[in-house]
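Student: Okay, handing you the structure first.
The values are calculated or read from the model by the stated rules, or taken from the named source; none is laboratory data. Computed from a predicted structure; not experimentally measured. Virtual Cβ from ideal backbone geometry, glycine too; neighbours counted across all protein chains shown.
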Amino acid sequence: MRYLEAGKRHTVRFTLNGRAVEGDAEPRLLLSDFLRQTLGAFGTHVGCEHGSCGACTIQMDGKAVRSCLLYAVQVEGKALTTVENLATPDGLNELQAAMQKHHGLQCGFCTPGILMSLTQLREEEPNADEARIRDVLSGHICRCTGYDGIVKAALDVFGDVFGKN
Amino acid sequence: MTVQGASRKKLSVSAWTRETSIDVTEGPKCWKHRFGPSLLGLHVAYWAKHENRFPSVNNSTEISQNGKWVGQSMPRVEDPTLLRGLGRFADDLPTPANACHAAFLRSPIAHGEISTIDTAAAAAMPGVVAVITGADLLQYSAPFITGVKVDAPQYALAIDRVRYVGEPVAMVLARDRYLAEDALDAIVVDYQALPPVVDPVAAVDAPALHPGTDGNVLHDRYFRYGDPEDAFATAAHVVEGTYSYPRNSCTPMECFCVIADYDPGADAFEVMANFQGPYTLHTIMARSLKVPGNRMRLKTPPFSGGSYGVKQAVFPYVVALGVAARIAGRPVKWLEDRLEHLAAATSATNRVTTLRAALDVDGRVLALDYDQLEDCGAFLRAPEPATIYRMHGNMTGAYAIENLAIHNRVVVTNKTPTGLMRGFGGPQIYFPLERLMDKAAARLGLDPLELRRRNLVPTAAMPYRTAPGALLDSGDYAGSIDRAVRDGGLAELIARRDSARAAGRMYGIGMAVVVEPSISNMGYITTLLSPEQRERSGPKNGALATATVAFDPSGAISVAVSSVPQGQGHRTVLAQVVADVFACDPGEVAVATEHDTAKDPWTIASGNYASRFAGAVAGATHTAALQLRDRLSLIAAADLNIPPEDVAYGNGRIFARGNPDNSLPLGRSAAKAHWSPLSIPDAAGAGLRETAFWNMPELAEPDEGDRINSSGAYGFIFDYCGVEVDPETYAVRIDRYVTMHDAGRLLNPMLADGQIRGGFAQGMGAALLEELCYAPDGSFQAGTLADYLAPTAMEIPELTILHDQSPSPFTPLGAKGLGEGNCMSTPVCIANAVADAVGEDLTTLPLTRSNLAEILLGEEAPESASASPSTPAPTPTLVDGHALHGSGGTLVPAAPVEVWELLLDDTKLAAVIPGCHALTMTGENAYRADVTLGVGPVKGRFVATVALQDLDAPRSLRLVGGAAGPLGTSRGEGWLTLTETEGGTQIDYTYTVQISGKVAAVGGRMMDGAARALINQFFKRLVSQVDGREVEPAQGLLARLLSWLGIGP
């Protein structure tokens, strides 16, 4: 384990959406701040910095994590994925397109975190039902939509729209 | 999920982008088609009656009336950007390289004089550029203008006195946000605490918060319409209830953000803020910065992360940052954090209302009498006291009630200043009104729905002038209720209630009938003035909306508006509106909503509030587009060699009516205005850019009788729901919720439903979960989103949305606002259902499990302070606030005398208190301890002072003391008793500690557990000490809480 000195900047190297990135961070610098301010990856949003709202959710080595509850220096050598990774060159991915179709977003501030959690769920439980989807979404706060469009979008993609799972 | 009515019809993305043809001769049949079969009849007839009232330059408006886009659930143009994470929000915008970052030091106490502020240590810290206090700010800033002229000045920073927890006291500017926040801890403020007043009723007679005012009631007016006294004197029934609406907030997920710069050469400010309007506040900001409006340039970002009214309250920080930039000589940025937002941004007003209703024998309401006590927090900050006046014209709700008395009082208390909040003023009146309608129904033995039906404004009376002056523009209230009862399945819901009750379950049905105002009259706030005062100050009225539509040199269409959307999808709807005018594809219309006061048209009414978009802004855009089209038609007529009246639009082309082959691409003639201005007809004018200002003649100032049409359009809502209350946990489960809306013409039904669902979620939160809690000492207790509980996907029930569409005769497109309605109707609808389920008259919100348990079981008896059976200790005297209480005991293997000596020996005691940096005696049996403490997500250093009193060696002693630091303050006391037992000494203790500041705001949930853990640790160490064993080294942050709690020293 590296010895890190408070108040001193340390180089952090990891992959972000498949690309190798690096930057300098003091040990106390939050990962969310590092992504946004050091790397300019503004897609990840910060809603509370308490771990309560879920807006800053990203994937780290294939697991959904709150980037406001991690320090930048903790992701040395890891593989991070953020909302910017979801769309394909051809356009929105299936989940994103479903979110548009079902009006699953309004201000769009909480949306990146929600997309990342649903992406994680889909990777792990492609047949998750509505109860499970709502359970996962309860880790996110959306103040605009009342969640209805988000749940419908997820059900579209998870293939449970007719309750077949 | 069930969605019924017009919103059913959804088009896929591919469908709407492909379909571009339009039949310009299409008549009202198309209109009927869009409204859906359930709306045939009355509404279409109504529309037909009013269809000639559109503003028009010539008679070519038929195309837009019958256009294909408005009224469709078109997917949003905003989404592809947002879904990629590419939306540019305020904190994503570039910051100048020389910018510094601000952090605010905030008051940890609710009320106190600021004796001294020592900023020297903070100013010397690494990266700090400047430390700014109220005294510094005073040189460059004037107080905020207020609607009520009282001597209670407010500035962007506290001057001399703090009046609420979280009030900004000083500002640090530093190289980055982390360093700025570090330096906050080094500012030393000496407060002389004053008695706080938190409850509005108590505030009426409490000492004045503001030395310049006579008491805390800063506004007091009576209003009288018709003859309410006579109605009450002759009524068959009088019912009365007192209701209190709590403090809550819609808490947007994006917090406030401001970047300010000052140019001393021009003496001008340039500010970017995620401000949402109303732009009346621009005047206040400029005045406070001591510049004319044209030297306070305010820009808003392309995207804003929600607001629901809340971001109005960024304005004091615009002033603070402006002054900071001026002092620092460089740009300054500030990003609010969540604790700051919850504690100190703004909130809905809490209000105590006593409402009386006079009814005749048949249940007709003859008169209402409101006595409203409004709590605006520490200052009447603009736009307050608007909350209490926004509904003034529709205080009779959806009912035809001719006699009305209103007594409005506005008090200040030691809480955060209130401001705009979705539903603004609505839940505060509908909670009492619709609770009282249920009470009246019970009194008269009538069905609650029947009582409401008997009092509705009759359809034939529309447009209907209410007693206090609102002009209810359109609607078929009784018909909408009938349709909702039928289509939402009320009969089935009643059957469910019957069977649930037969099985012994607590099931109830509630309903609410609400008029939802939109497009606020800029003069409604002047209703608070007397007619004489209004006469002197001149009339305030109207609600101007503005929009600009232009063709660029490539012939493409651009739209710019000052509606400052915060997520509603204005760009989508305006693309639909303009596409209909030019019969083109919405994808060809680019809409910009970021706003710049220096370059874009705007008025004081601009901004995103009062549900003004659909009625006013979309209407102004429509008007501007029509004006532009009329000019384009002149150019095209010349090109096509036809008379202007024969110009028609369709398929993205301009063509000759009757000869479609004679046509041009839409952009061809438009581009000509740029490239060949000498070659177009003179009558077409130069440049193809039209800015329309749309006015509403119905929005006159209050008349001499204080009658005010406070809003331009009034929608109708009828909600009902079934709920079940868990008999053990008192959790409320919403079984079914039906909401019927008539918001006039729906411009985009999918977005309309989205607004309804969002408003419902917030209304449901207000009913069951959300409260910005304050302790009696003014401590703020809901500083995280784990304390302030917004609904999650688990709590939101199935929602059945129904629509009627009675077009407003007063808005250009027949649309009314609708996003706020469920914040008005849902809280009381749920409360009525819960009251029906539990059989109690519920008079306050939110109906959390604990609040409901308290109502149904009575208040929980306070924990016994004398827990020790062997030596009953005196009850602590400090019980005047919400506090931690605890008691317990432990056995120490030493004689009482040994333990006693240890407790009074400062050198030994320091070792027992875990993690104490230093303990010094400051007098006989008085200590000062320097400790570091952290609870939850915050930590900081504290200075604790503790005195030992009532010493009865070696039997008992009392500890009294407190602690203060950047995290907050505490005071407390405890009793220790020592009893000799077989194995040594039994130590029993009780304590009471009051906490305020950050720790109270964020740590409430953890505090009891933390206290217990620390006490255990203290005694463990005490045992070790008397055993002579080595005490383990000082431990972490929680350990240090002990001394702070006043138990240790």
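Student: Here's a check for you: in the stretch A:13-54, which residue that is more than 9 Å from every other protein chain (Cβ to nearest Cβ) and polar (S, T, N, Q) is farthest from B:Leu342 (Cα to Cα)?
Tutor: A:Thr15
Student: Looking at A:Leu4, A:Leu39, which is the one that is in contact with a strand residue (DSSP E or B) (Cβ under 9 Å, 6 or more places away or on another chain), closer than 14 Å to A:Gln74 by Cα and either assigned by TED's automatic domain parsing to the domain that holds A:Leu70 or of a type outside the set (D, E, K, R) (or both)?
Tutor: Working: A:Leu39 fails: closer than 14 Å to A:Gln74 by Cα.
Of A:Leu4, A:Leu39, the one residue that is in contact with a strand residue (DSSP E or B) (Cβ under 9 Å, 6 or more places away or on another chain), closer than 14 Å to A:Gln74 by Cα and either assigned by TED's automatic domain parsing to the domain that holds A:Leu70 or of a type outside the set (D, E, K, R) (or both) is A:Leu4.
Student: Further, regarding this structure: In the stretch B:80-95, what residues are within 7 Å of chain A (Cβ to nearest Cβ) and not hydrophobic (A, V, I, L, M, F, W, C)?
Tutor: B:Pro80, B:Arg84, B:Gly85, B:Gly87, B:Asp92
Student: Among the candidates B:Arg247, B:Arg224, which residue alone is of a type in the set (Lys, Arg) and under 30 Å from B:Leu366 (Cβ atoms)? Don't jump to the end; show me each part of the working.
Tutor: Numbers: B:Arg247 fails: under 30 Å from B:Leu366 (Cβ atoms).
Going through B:Arg247, B:Arg224 in turn, just one is of a type in the set (Lys, Arg) and under 30 Å from B:Leu366 (Cβ atoms): B:Arg224.
Student: Now for a separate question. Would you confirm whether or not the stretch A:55-66 contains a residue that is in contact (Cβ under 8 Å) with a residue 40 or more places away in the chain, within 10 Å of chain B (Cβ to nearest Cβ), in contact with a Phe, Trp or Tyr (Cβ under 7 Å, 6 or more places away or on another chain) and small (Gly, Ala, Ser)?
Tutor: Scanning the stretch A:55-66 turns up at least one residue that is in contact (Cβ under 8 Å) with a residue 40 or more places away in the chain, within 10 Å of chain B (Cβ to nearest Cβ), in contact with a Phe, Trp or Tyr (Cβ under 7 Å, 6 or more places away or on another chain) and small (Gly, Ala, Ser).
Student: Still on this model: Give the residue, chosen from B:Leu1014, B:Leu1022, B:Leu1041, that is at pLDDT 75 or above, in a helix (DSSP H, G or I) and buried (at least 20 other Cβ atoms within 10 Å of the Cβ). Let's see the steps before the verdict.
Tutor: On the way: B:Leu1014 fails: at pLDDT 75 or above; B:Leu1041 fails: at pLDDT 75 or above.
Among B:Leu1014, B:Leu1022, B:Leu1041, only B:Leu1022 is at pLDDT 75 or above, in a helix (DSSP H, G or I) and buried (at least 20 other Cβ atoms within 10 Å of the Cβ).
Student: Answer yes if at least one residue in the stretch B:242-264 is among the aromatic types (Phe, Trp, Tyr) and either surrounded by fewer than 24 Cβ atoms within 10 Å (Cβ to Cβ) or under 30 Å from B:Asp371 (Cα atoms) (or both), and no otherwise. Full working, then the answer.
Tutor: So the first thing to find is which residues in the stretch B:242-264 are among the aromatic types (Phe, Trp, Tyr), and the list is B:243, B:245, B:256, B:262.
When the remaining residues are screened for being either surrounded by fewer than 24 Cβ atoms within 10 Å (Cβ to Cβ) or under 30 Å from B:Asp371 (Cα atoms) (or both), the result is B:243, B:245.
Yes, the conditions are met somewhere in the stretch B:242-264.
Student: Anything in the stretch B:709-763 that is acidic (Asp, Glu) and more than 14 Å from every other protein chain (Cβ to nearest Cβ)? List them, or say none.
Tutor: Just the residues of the stretch B:709-763 that are acidic (Asp, Glu), to begin with: B:719, B:724, B:726, B:728, B:735, B:742, B:753.
Scanning the stretch B:709-763 gives B:Asp719, B:Glu724, B:Asp726, B:Glu728, B:Asp735, B:Asp742.
Student: Considering only the stretch B:727-750, I want to know if a residue exists there that is among the basic types (Lys, Arg) and in a loop (DSSP other than H, G, I, E, B).
Tutor: If we filter the stretch B:727-750 for residues that are among the basic types (Lys, Arg), which is where we start, we get B:733, B:736, B:745.
Add one more test, that the residue is in a loop (DSSP other than H, G, I, E, B), and what stays is B:745.
Checking the stretch B:727-750: at least one residue is among the basic types (Lys, Arg) and in a loop (DSSP other than H, G, I, E, B).
Student: Moving to a separate point now. If you go through the stretch B:895-906 one residue at a time, do you hit one that is small (Gly, Ala, Ser), surrounded by 16 or more Cβ atoms within 10 Å (Cβ to Cβ), touching a residue at least 12 places away in the same chain (Cβ under 8 Å) and in the same structural domain as B:Ala947 (by TED's automatic domain parsing)?
Tutor: Within the stretch B:895-906, the subset small (Gly, Ala, Ser) is B:895.
Subset that is surrounded by 16 or more Cβ atoms within 10 Å (Cβ to Cβ): none.
Taking every residue of the stretch B:895-906 in turn, none turns out to be small (Gly, Ala, Ser), surrounded by 16 or more Cβ atoms within 10 Å (Cβ to Cβ), touching a residue at least 12 places away in the same chain (Cβ under 8 Å) and in the same structural domain as B:Ala947 (by TED's automatic domain parsing).
Student: Of the residues in the stretch A:114-158, how many are closer than 14 Å to B:Glu795 by Cβ, within 7 Å of chain B (Cβ to nearest Cβ) and not in a helix (DSSP H, G or I)?
Tutor: Selection size over the stretch A:114-158: 6.
Student: Related question: What single numbered condition from (1) surrounded by fewer than 24 Cβ atoms within 10 Å (Cβ to Cβ); (2) touching a Lys or Arg at 6+ places or on another chain (Cβ under 8 Å); (3) of a type in the set (S, T, N, Q) fails to hold for B:Thr213?
Tutor: Going through (1) surrounded by fewer than 24 Cβ atoms within 10 Å (Cβ to Cβ); (2) touching a Lys or Arg at 6+ places or on another chain (Cβ under 8 Å); (3) of a type in the set (S, T, N, Q) one by one, B:Thr213 breaks only (2).
Student: Something else now. Restricting attention to the stretch B:126-178, which residues are β-branched (Val, Ile, Thr) and under 30 Å from A:Leu29 (Cβ atoms)? Break it down stepwise before answering.
Tutor: Our first condition is that a residue be β-branched (Val, Ile, Thr); within the stretch B:126-178, this holds for B:128-129, B:131-133, B:145-146, B:148, B:150, B:159, B:162, B:165, B:169, B:172.
Scanning the stretch B:126-178 gives B:Val128, B:Val129, B:Val131, B:Ile132, B:Thr133, B:Val165, B:Val169, B:Val172.
Student: Hey, another quick one. With a cut-off of at least 3 residues that are surrounded by 19 or more Cβ atoms within 10 Å (Cβ to Cβ) and at pLDDT below 95, name the helices (runs of 4 or more DSSP H) lying wholly within the stretch B:392-511. So that I can check it myself, show each step before the final result.
Tutor: Numbers: elements: B:426-444, B:448-455, B:477-488, B:490-502.
Filter on the stretch B:392-511 gives an empty set.
Student: Among B:Ala357, B:Ala345, which is the only one that is out of contact with any strand residue (DSSP E or B) (no Cβ under 8 Å at 6 or more places or on another chain) and modelled with pLDDT of 95 or more? Spell out the reasoning first.
Tutor: Numbers: B:Ala357 fails: out of contact with any strand residue (DSSP E or B) (no Cβ under 8 Å at 6 or more places or on another chain).
Within the list B:Ala357, B:Ala345, the selection yields B:Ala345.
Student: Another one. From the list B:Val201, B:Val172, B:Val189, pick out the single residue that is assigned to a helix (DSSP H, G or I) and touching a residue at least 24 places away in the same chain (Cβ under 8 Å). Spell out how you get there, then give the answer.
Tutor: Numbers: B:Val172 fails: assigned to a helix (DSSP H, G or I); B:Val189 fails: assigned to a helix (DSSP H, G or I).
Exactly one of B:Val201, B:Val172, B:Val189 is assigned to a helix (DSSP H, G or I) and touching a residue at least 24 places away in the same chain (Cβ under 8 Å), namely B:Val201.
Student: Regarding B:Tyr262, is this residue touching a residue at least 24 places away in the same chain (Cβ under 8 Å) and closer than 27 Å to B:Val314 by Cβ?
Tutor: Values: touching a residue at least 24 places away in the same chain (Cβ under 8 Å): yes; closer than 27 Å to B:Val314 by Cβ: yes.
Judged against the criteria, B:Tyr262 is a match.
Student: Collect the residues in the stretch B:320-377 that are of a type in the set (Val, Ile, Thr) and part of a helix (DSSP H, G or I), keeping them in residue-number order. Give the steps one after another, and end with the answer.
Tutor: First, pick out the residues of the stretch B:320-377 that are of a type in the set (Val, Ile, Thr): B:323, B:327, B:332, B:346, B:349, B:352-354, B:361, B:365.
Result: B:Val323, B:Ile327.
Student: Given the criterion at the interface with chain B (Cβ under 9 Å from one of its Cβ atoms), touching a residue at least 40 places away in the same chain (Cβ under 8 Å), over 23 Å from B:Ala790 (Cβ atoms) and surrounded by fewer than 21 Cβ atoms within 10 Å (Cβ to Cβ), identify the matching residue among A:Glu76, A:Glu84, A:Glu94. Before the answer, list the steps.
Tutor: On the way: A:Glu76 fails: at the interface with chain B (Cβ under 9 Å from one of its Cβ atoms); A:Glu94 fails: at the interface with chain B (Cβ under 9 Å from one of its Cβ atoms).
Only one candidate passes the filter, namely A:Glu84.
Student: Same structure again: How about the stretch B:512-529: which of its residues are β-branched (Val, Ile, Thr) and either surrounded by fewer than 19 Cβ atoms within 10 Å (Cβ to Cβ) or part of a helix (DSSP H, G or I) (or both)? Show your work before the answer.
Tutor: Our first condition is that a residue be β-branched (Val, Ile, Thr); within the stretch B:512-529, this holds for B:513-515, B:519, B:525-527.
Residues satisfying the conditions are B:Ile525, B:Thr526, B:Thr527.
Student: Considering only residues that are within 14 Å of chain A (Cβ to nearest Cβ), of a type in the set (Ser, Thr, Tyr) and part of a loop (DSSP other than H, G, I, E, B), which ones fall in the stretch B:787-817?
Tutor: If we filter the stretch B:787-817 for residues that are within 14 Å of chain A (Cβ to nearest Cβ), which is where we start, we get B:787-801.
Filter once more, keeping what is of a type in the set (Ser, Thr, Tyr): B:788, B:792, B:800.
If the condition is that a residue be within 14 Å of chain A (Cβ to nearest Cβ), of a type in the set (Ser, Thr, Tyr) and part of a loop (DSSP other than H, G, I, E, B), then B:Tyr788, B:Thr792 are the ones that fit.
Student: Still on this structure, please answer the following. Out of curiosity, is B:His101 within 14 Å of another protein chain (Cβ to nearest Cβ), surrounded by 20 or more Cβ atoms within 10 Å (Cβ to Cβ), under 27 Å from the mean Cα position of the chain (by Cα) and not aliphatic (A, V, I, L, M)?
Tutor: Numbers: within 14 Å of another protein chain (Cβ to nearest Cβ): yes; surrounded by 20 or more Cβ atoms within 10 Å (Cβ to Cβ): yes; under 27 Å from the mean Cα position of the chain (by Cα): yes; not aliphatic (A, V, I, L, M): yes.
So B:His101 passes the test.
Student: Here is a follow-up. Among the strands (runs of 3 or more DSSP E) contained in the stretch B:206-289, which hold 2 or more residues that are among the β-branched types (Val, Ile, Thr) and at pLDDT 95 or above? Break it down into steps so the answer makes sense when it comes.
Tutor: Details: elements: B:217-225, B:237-245, B:257-263, B:268-273.
Answer list for the stretch B:206-289: B:237-245, B:257-263.
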